[in-house]
Amino acid sequence: MMLEIDGWQVGIKFSAAHFIPEHGKCSRIHGHDYGIRLRIYGEVRSGILLDFVEVKRIARKIADELDHHILVPTENEDMRIEEEGNALHIFYRDREYLFPREDVVFVDVTIPSAEELARYIGHRLLSRLNGAFGENVKGIEICVDEGPGQGACEYFEVGD
Ligand SMILES: [Zn+2]
């Protein structure tokens with residue numbers, strides 16, 4: 001059985017800015033409306049696969065933490081990040097960015113693409129769900145859409 005949560009429909013979404021180095025026009029800073037979609041796979045027990053409520057609550061909290069921020073990757077070897085008081089300087093090749101620290105959320109990815117964000121959000125979601133799944137849940141797929149209709153999905157096995 002598969003249980004589906006569509007963040008576009010149930011308000012698990014966020015708006016954020018990013019830049020994707022070395023990818024043409026995407027290398028310039030720009031923004032997206034992102035939606036998070038979840039598919040949970042497993043066996044139905046007593047008519048239920050999983051209680052939606054807790055998963056939705058945690059996913060929404062993760063989306064809220066990213067909302068209206070600039071997503072800055074921390075795993076990019078070509079990017080240098082320097083904090084100075086409330087300011088954040090980011091150097092990438094011949095480019096230099098200066099942001100207020102509070103406007104930035106660090107994401108531990110190499111580039112903040114939909115693919116990498118799906119992996120990042122999936123890891124965060126799973127670590128926070130920590131035990132909320134029954135052993136009947138076998139896997140979870142996390143999709144991050146850059147606007148409705150286009151996104152990247154990562155599958156995580158749950159349990160043993
Ligand atoms: Zn983009």
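The values are calculated or read from the model by the stated rules, or taken from the named source; none is laboratory data. This one's a predicted model, so the numbers in the text were calculated from it and none came from an experiment. Glycine also receives a Cβ, built like all others from the backbone with ideal geometry; neighbour counts cover every protein chain displayed. Each accessible area value is taken on the protein alone, full model and side chains, heavy atoms only, with ligands, DNA and RNA left out. Shrake-Rupley method; radii C 1.70, N 1.55, O 1.52, S 1.80 Å.
Values computed for the structure shown
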item	result
Gained length - ASP33 relative to ARG93, 0.36 nm times residue gap less alpha-carbon distance	18.8 nm
The chain - share of DSSP beta bridges that are antiparallel (%, nearest 5)	85 percent
Calculated over the range 39-90: convex hull of Cα atoms, volume per residue (Å³)	130 Å³
Reachable lysines from LYS13, criterion Cα separation under 22 angstrom, eight or more residues apart if same chain	LYS56, LYS61
The range 71-160 - Debye-derived log10 I(q)/I(0), Cα point model, q = 0.11, 0.15, 0.23, 0.26 Å⁻¹	-0.43, -0.71, -1.10, -1.22
Unmatched cysteines, the chain - criterion: no other Cβ of a Cys under 4.7 angstrom	CYS26
For the range 1-121, projected area of the alpha-carbon convex hull averaged over all directions, nm²	8.7 nm²
Where the chain is the region considered: accessible area per residue in Å², 1.4 Å probe	55 Å²
Part-to-part distance (alpha-carbon centres) for the range 87-106 and the range 1-73, which is given in Å	24 Å
Solvent-accessible area, 1.4 Å probe, carbon plus sulfur percent, for the range 56-158	42 percent
Cut-off 20 Å (backbone N to label point 7 Å along Cα→Cβ of LEU129), residues of the range 32-54	35-54
Most mobile of ILE140, ILE81, ILE40 in a GNM of the chain (Cα contacts under 10 Å)	ILE81
Gain in span if fully extended, LYS56 to GLU83, counting 0.36 nm per residue against the direct Cα distance	6.3 nm
